[in-house]
Amino acid sequence: MPPIRFPDVNSYELVNVDKIGQKYEYAILSHRWEHEEVLYDDMLGDVGTRNRMYGWRKVQQACHQARRDNFRYIWIDTLCIDKKSSSELSEAINSMFAWYKDASRCYAYLWDVPAAIEPETSTKFASSEWFTRAWTLQELIAPKELVFFAPSEDGWSVLGWRHKLCRRLSEITKIDNVVLSGTKSVHTVSVAKRMSWVARRKSERTEDRAYSLLGLFDVNMPMIYGEGPKAFLRLQEKIMEDSDDESLFAWRANPTPTPNMGLLAPLPEMFEDSGNYFSYSDWEPRVPFFKTNRGLQISLPLRRVEGDLYLAALNCPRPGKSDGFVGIYLERDTDFDDTEVINQFVRVRADELLSLDNASARGRVQTIRVRQTPAPFASTGIFPEHYIQIQRGPAPVTGCKLLGTMGDEATANIAQKVRWIPEDVPTLFNITKDDERLSCVLVFERDSNGTKFALLLGSTSNLDGVIVRFLGEWEDRYKFGDLELMFEHLQPFTDPDTGFELVHVKIVSAVKADVKIFYVSVNVEQHPSMMDIMINDTPLRHVVPPIPAIAAKKRSRDRTRGIWNLLKRDSHHSIQPQ
């Protein structure tokens, strides 16, 4: 369907398309909305008032340029759409890509760029707001011809043509040169790459970041202003209806906004680093994936990592490669009955995308469902029994290790086996549902200098969560009672930088066997020493090991465990050796 109406470039009057006839060509304007734009109602109102509006000069200049190019009609979004009509607005948004594609020429007006610049080298051209807006993405790609203009004293000044600026535009937008030149259809580009183009773009309304992509993915869907981020989820669901491109799932949440997520990205910016992902061709039988009322049903190769944690392989090669596979972490959702025919999963550690070398590393294909929104009772609400389960800890290469734990050890038979902690070290602890009561203590030692620090975990004031507090100087004489008093006065642990390393604590809640469990994972990143930095800047960086590695080798591996006798208080409250 063509646009409903155009302004006549000579009279400025709006003309309905049914009065124009079938044979006509039109120009189209692409611009960044400014204040006091001329709208549809203004075109029907008082002419004098309209002509005094700030945006009227832009309309005049667009019509003037169209006349110079021998077009009688030009389409301008601000004044050609009656936004009071929801049906007309919906039709316009769903048809926008086609209207820009069918236009004989597109004028891209960059109001914030000086006329006397060279687009090939100018930073002012590259930093124009026009390149940051969601709607202008399709307006850059869709037209047959596109010419850039900047304001000047005499009106508009030509900056350059898209086909001559393809390389520069590709540098600015990360859009492939072959797409900008028209050599390759945008609809043949991987889903992940197309999503990456909009990752940094903005819109006044949250929904428009999704609606502006309809044409790029050749899908249609109704407009529901007020739905917020749900619009982007609906867009991905529409894409799934016509595409089996699993690069749709190749995104990273960095940092992870919530512990448990689905396969669909909540926000476009999560595709920012996904420009190199694409899906393999049909090289093996694939079962279609689709949305159900229990989550997205999909068949993926799964390899068990530990416990309920699995590695799922997407049908996409490794980034920057043409072989291997991309992997994501999925966790079996224990909120569901084990008798489910199809297992329920959630995506965890969504800030990670992994590389698998070959098909044999993928595991067995299983049909699963992945909830986009995990069951709410898994993370909210108070249950009769609450526990803390230590789940994951720092890798040995981080230079930090767990010395032991202290707390009210739980006797329930729901404790998870944790391979990195010896069997005699407690990992499951009771939570006393009082205002900010200490439940357990994790003591860590630094390999480099033997100093120790502790993480203290206890109940939150609303009794519905776990709070973490940091003790920077651990002393072996501490008893659990001492730490209970300290816990009340220590500040919540919000800054991961301890001065020696970065300590990240992740807590995920789940309901299992009618009790609520808070799974705790601790990750440590070392600060580089000044010597390390100097070594990395010299040819010796491949010869000289980092300072922590040298220190670690000097330390004896047969350290006495006599220190643990100093830390014991009773059978319930004692540090246990690693």
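The values are calculated or read from the model by the stated rules, or taken from the named source; none is laboratory data. In this text, all values refer to a predicted model and were calculated from it rather than measured experimentally. Methodologically, a virtual Cβ is constructed for each residue, glycine included, from the backbone with ideal geometry; neighbour enumeration extends over all protein chains shown.
The lone criterion from (1) farther than 16 Å from L146 by Cβ; (2) in a loop (DSSP other than H, G, I, E, B) left unmet by I93 is number (2).
Residues considered: P317, P376. Of these, the only one that is within 22 Å of the chain's Cα centre (by Cα), at pLDDT 90 or above and either over 20 Å from S521 (Cα atoms) or not assigned by TED's automatic domain parsing to the domain that holds I467 (or both) is P317. For segment 24-63, a residue qualifies if it is among the charged types (D, E, K, R) and surrounded by 13 or more Cβ atoms within 10 Å (Cβ to Cβ), and the qualifying residues are E25, R32, E34, E37, D42, R50, R57, K58. Taking residues in segment 53-75 that are in contact (Cβ under 8 Å) with a residue 60 or more places away in the chain, and partners anywhere that are polar (S, T, N, Q), the pairs with Cβ atoms closer than 9 Å and at least 6 places apart or on different chains are F71/Q65; F71/S104; R72/N10; I74/Q65.
Filtering segment 236-253 to residues that are crowded, with 24+ Cβ neighbours inside 10 Å and among the small types (G, A, S) leaves S247, A250.
To keep it simple, each residue is scored yes or no on (1) in a strand (DSSP E or B); (2) on the phi > 0 side of the Ramachandran plot.
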position	(1), (2)
Y12	no, yes
V15	yes, no
Y24	no, no
I28	yes, no
H35	no, no
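Kindly indicate whether any position in segment 478-499 is touching a residue at least 60 places away in the same chain (Cβ under 8 Å) and in a loop (DSSP other than H, G, I, E, B). The answer is yes, given that some residue of segment 478-499 is touching a residue at least 60 places away in the same chain (Cβ under 8 Å) and in a loop (DSSP other than H, G, I, E, B). Inclusion of L264 among residues that are in a helix (DSSP H, G or I), touching a Leu at 6+ places or on another chain (Cβ under 8 Å), closer than 30 Å to Y519 by Cα and not acidic (D, E) is not warranted. Looking only at segment 144-166, residues that are closer than 23 Å to F97 by Cα and not β-branched (V, I, T) come to 12 in all. You will find that of T398, T411, T432, the residue that is closer than 20 Å to V505 by Cα and either surrounded by fewer than 16 Cβ atoms within 10 Å (Cβ to Cβ) or among the hydroxyl-bearing types (S, T, Y) (or both) is T398 and no other.
Checking D69 against (1) within 30 Å of S203 (Cα to Cα); (2) modelled with pLDDT of 95 or more, only one condition comes out false. Which one? D69 satisfies every listed condition except (1). Count of segment 201-220 residues, restricted to those that are of a type in the set (A, V, I, L, M, F, W, C) and touching a Phe, Trp or Tyr at 6+ places or on another chain (Cβ under 8 Å), is 3.
Here segment 129-170 is the region considered, the condition is being acidic (D, E) and touching a residue at least 12 places away in the same chain (Cβ under 8 Å), and the residue that is nearest to V219 (Cα to Cα) is E139. With respect to the conditions (1) closer than 19 Å to T123 by Cβ; (2) of a type in the set (A, V, I, L, M); (3) in contact with a helix residue (DSSP H, G or I) (Cβ under 8 Å, 6 or more places away or on another chain), V198 falls short on a single one, namely (1).
The set of residues from segment 486-506 being crowded, with 18+ Cβ neighbours inside 10 Å and under 17 Å from P394 (Cα atoms) comprises E501, V503.
Of the helices (runs of 4 or more DSSP H) lying entirely inside segment 158-235, not one carries at least 3 residues that are among the basic types (K, R). Going residue by residue through segment 415-423, is there one that turns out to be outside any loop (DSSP other than H, G, I, E, B) and not aliphatic (A, V, I, L, M)? No: segment 415-423 contains no residue that is outside any loop (DSSP other than H, G, I, E, B) and not aliphatic (A, V, I, L, M). Across segment 513-539, the qualifying residues are those that are among the polar types (S, T, N, Q) and at pLDDT 60 or above, and the one among them that is surrounded by the most Cβ atoms within 10 Å (Cβ to Cβ) is Q526.
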